[in-house]
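Here is the structure we will look at.
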Amino acid sequence: MSIPFAFGWYGSELGAYRPCKSTYEVYSYESLPPIPKADPQFTFLALDEPVEKAPPVNDWERAEWRKLERLIQETKSLGIVLPDPFLHFMSDARLQGQIISSTCCWFNLSNRLVRCPGFDGAYLISFLRDQQDCVVWCLCLIPGRQYYVLAVDDDALMTLSSAEYHVLLGNLEPDEESGDIFAEASRASSADNVAETARTNIWICAPSFESFIYRFWFENEVANKFDPCENTLLAPLSDAERRYLEHYTG
């Protein structure tokens, strides 16, 4: 069973080097600049403080850990193993905090697995969402096979039931996590029109979680150095950032 989605990078503007028609645009995967070999330990995200000086854990972090533990147990019951880099990154709020999104995206886990629209037998876990939920980034998990990182836009999200939508986006509070809403969320529609809408509004944006995090981090580091209105530099580019942008001037 092959994955029915096309490759594409759901990204945003990089100054005048890579214009964007709106907040985001889907760029050809083949057009992207190369990146270094993926680092599953995320050492490129230099932490500001050692572990012993890290701030105390807050309620939001505890809630995310509870979600992650449930997702681990749920995937085990389906014979799916969550990738180690995903577990490492999503269990460490300090790593997540090192990524400053130029479009105000934030890391947030699903409450449970949701069936992937347009791809029977696969499941989604969202981990990153735009502030207006015009796109969420998800792991697409295939039992007995590899996973992909997907960008799921709002048209594809609208093919989900209300229960599926809120479970996928991790919107439920602990007192809302009843068995009924999860049972409803597990009954994904297989209608042809739903599948077709999903397949044309979901993109494979990375072959691994660590490569997605690297490119997302790197591009936001670059984007945050440009004035969003004038496209002028606000801070010097590093050599690596300059090479990345020069890929677009060829």
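The values are calculated or read from the model by the stated rules, or taken from the named source; none is laboratory data. All values reported here derive from a predicted model rather than from experimental measurement. Virtual Cβ from ideal backbone geometry, glycine too; neighbours counted across all protein chains shown. Heavy atoms of the whole protein, side chains included, go into the accessibility calculation; ligands, DNA and RNA do not. Shrake-Rupley method; radii C 1.70, N 1.55, O 1.52, S 1.80 Å.
Looking only at the stretch 1-43, count how many residues are aromatic (F, W, Y) and outside any loop (DSSP other than H, G, I, E, B).
So the answer is 5.
Name the residues in the stretch 143-162 that are more than 11 Å from W203 (Cα to Cα) and open to solvent by less than 10 Å² (accessible area, probe 1.4 Å), would you?
Of all residues in the stretch 143-162, those more than 11 Å from W203 (Cα to Cα) come to 143-147, 154-155, 157-162.
Result: L157, single match.
With F127, F119, F86 as the choices, which residue is among the aromatic types (F, W, Y), modelled with pLDDT of 95 or more and out of contact with any Ser or Thr (no Cβ under 9 Å at 6 or more places or on another chain)?
Only one candidate passes the filter, namely F86.
What are the residues in the stretch 109-123 that are in a strand (DSSP E or B) and crowded, with 23+ Cβ neighbours inside 10 Å, if any?
V114, Y123
Within the stretch 201-250, restricting attention to residues that are part of a loop (DSSP other than H, G, I, E, B) and aliphatic (A, V, I, L, M), which residue is nearest to P34 (Cα to Cα)?
Applying the filter and picking the extreme gives L237.
When the residues of the stretch 193-250 are narrowed to those that are touching a strand residue (DSSP E or B) at 6+ places or on another chain (Cβ under 8 Å) and loosely packed, with under 13 Cβ neighbours inside 10 Å, which ends up farthest from T43 (Cα to Cα)?
Within the stretch 193-250, the match that is farthest from T43 (Cα to Cα) is T232.
When the residues of the stretch 163-183 are filtered to those that are loosely packed, with under 15 Cβ neighbours inside 10 Å and over 18 Å from the mean Cα position of the chain (by Cα), which remaining residue is modelled with the highest pLDDT?
Taking the stretch 163-183 as the starting set, the residues that turn out to be loosely packed, with under 15 Cβ neighbours inside 10 Å are 171, 173-176, 178-180, 183.
Next, from what is left, pick out any that are over 18 Å from the mean Cα position of the chain (by Cα): 173-176, 178-180, 183.
Numbers: E173: 77, P174: 61, D175: 55, E176: 59, S178: 51, G179: 54, D180: 55, A183: 54.
Step by step, filter the stretch 163-183, then rank; the result is E173.
Give the residues of the stretch 96-143 that are of a type in the set (A, V, I, L, M) and over 22 Å from F44 (Cβ atoms), sorted by residue number. Working first, answer last.
The first filter runs over the stretch 96-143 and keeps only residues of a type in the set (A, V, I, L, M), leaving 99-100, 109, 113-114, 122, 124-125, 128, 135-136, 139, 141-142.
Once the filter is applied, which keeps residues that are of a type in the set (A, V, I, L, M) and over 22 Å from F44 (Cβ atoms), the stretch 96-143 yields L109, L113, V114, A122, L124, I125, V135, V136, L141, I142.
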